[in-house]
Amino acid sequence: MKVLVLGGDGFCGWPCAVNLAETGHDVLIVDNLSRRKIDIDLGVESLTPIATIHDRLKAWREVGGRPIDFVSIDIARNYARLLDLLRNERPQAIVHFAEQRAAPYSMKTSTTKRYTVDNNVSGTNNLLCAIVESGIETHIVHLGTMGVYGYGSHRGATIPEGYLTVEVPQPDGSRFTEKILHPTDPGSVYHLTKTLDQLLFYYYNKNDGIRVTDLHQGIVWGTNTELTDRDPRLVNRFDYDGDYGTVLNRFLIQAAIGYPLTVHGTGGQTRAFIHIRDSVKCVQLAIETPPTSGEKVRIFNQMTESHQVKNLAEKVAALTGASINYLPNPRKEAIENDLIVDNRCLIDLGLKPTTLDGGLLAEVVDVARRWADRCDRSRIPCVSAWTNSQASALKSPV
């Protein structure tokens, strides 16, 4: 199958691309390398040293499966090139990772807020327009987020996979049931763009019949897959800074360098998690079992387990001996929340979940310790605040 991986140089995109190539798909990465440019702008690098995209592809040709091709296109700004690419390549599937993916970065300044909306929403709309104009028959697999549902407002209810069945009362006292998109409650500009993506997919699916699978993903932890472990030039990103580092990976590097684990607020926030290896597998399962023609947008909750942040910190502290430091929360969010999630669809397709108790925590700690000398301790704190009051709290002595 011909597969375009948009954003295939990124944290989730790269291991996804090599996995699809290894399993026999004809893969073309489309990326403008913007994530590498953001590193330069922020003055911080991945903990793991990342080879250039060309060295990555060369290494894959030497140790991997089918060769992977690469083309540089900014899909949010160069519609004509995107359209020509689709007409020439005619992919059977398109994996859409080409979005700014960090909530803290999206809240950092007015510039990053505007960039996140311009890049994410325009890129998705351009892709959908180009599919319609080119007339190709393809299937979009999009990396969304569990954050579209919001946190803390469901009072213990199970979050379904995208759609909620509601009962609608009528003036005559009768009632009928209807299935609607689950109400959204984005907690950042980044999450807001993913909710707008969801509406774009809903419209183009209804109007033009575009087949879409939207993967509402939890927080990804871990670094490498078996394939990216084959050669040092294939190594995946490990972000630890306050803008791009995900909570569990941040805890693990903090423990590796003797830095107190940074828990913001009470630590009562409950989040959904998935290991990078499972994330890659989910994308493959979605591609290889596409929705049928005429089927509404398919939404999967791509997560394997939920944990409170403070419990994660305690687990890492028990494993490593690290101390825990409770700090003001830069985010505007509920102090505590429940998170009960239905994830049966991907399990039914064959996903065998990797859990935190599966031994890989220690593996990630080893990766963090190996590259600990590359860690800039000054970039560990979370300083991108959601509101002015949060910013003031961060500046106040603890």
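Worth pointing out:
- Selection within the range 366-378 - part of a helix (DSSP H, G or I) and surrounded by fewer than 19 Cβ atoms within 10 Å (Cβ to Cβ): D366, R369, R370, A372, D373, R374, R377, S378
- Neighbours by Cβ (under 8 Å, 6+ apart or cross-chain): first from the range 342-357, within 23 Å of P291 (Cα to Cα); second open to solvent by less than 60 Å² (accessible area, probe 1.4 Å) and hydroxyl-bearing (S, T, Y): N343/T304; L349/T289; L351/T304; P353/T304
- Some residue of the range 249-261 being part of a strand (DSSP E or B) and over 25 Å from P353 (Cβ atoms): no
- A59 open to solvent by less than 20 Å² (accessible area, probe 1.4 Å), modelled with pLDDT of 95 or more, among the small types (G, A, S) and in a helix (DSSP H, G or I): yes
- Scope the range 158-172; condition outside any strand (DSSP E or B) and either open to solvent by 60 Å² or more (accessible area, probe 1.4 Å) or touching a strand residue (DSSP E or B) at 6+ places or on another chain (Cβ under 7 Å) (or both); matching residues: E161, G162, Q170, P171, D172
- Of all residues in the range 227-272, those that are of a type in the set (G, A, S) and open to solvent by 20 Å² or more (accessible area, probe 1.4 Å) total 3.
- Test for A322: is it more than 22 Å from the chain's Cα centre (by Cα), in a loop (DSSP other than H, G, I, E, B) and either buried (at least 19 other Cβ atoms within 10 Å of the Cβ) or free of Cβ contacts under 8 Å to residues at least 24 places away in the same chain (or both): yes
- Considering only residues in the range 326-341 that are assigned to a strand (DSSP E or B) and open to solvent by 60 Å² or more (accessible area, probe 1.4 Å), the one that is farthest from D243 (Cα to Cα) turns out to be I340.
- Within the range 130-149, the set of residues being closer than 14 Å to F201 by Cβ, surrounded by 20 or more Cβ atoms within 10 Å (Cβ to Cβ) and hydrophobic (A, V, I, L, M, F, W, C) comprises I131, I140, V141, L143, V148.
- Tabulated pairs, the range 180-191, first within 9 Å of V148 (Cβ to Cβ), second of a type in the set (D, E, K, R), C-beta under 9 angstrom, 6+ apart or interchain: H182/E161; T184/K194; P186/K194; H191/D185
The values are calculated or read from the model by the stated rules, or taken from the named source; none is laboratory data. Computed from a predicted model, the values in this text were never measured in an experiment. Glycine also receives a Cβ, built like all others from the backbone with ideal geometry; neighbour counts cover every protein chain displayed. With ligands, DNA and RNA removed, areas are computed over all heavy atoms of the protein, side chains included. Shrake-Rupley method; radii C 1.70, N 1.55, O 1.52, S 1.80 Å.
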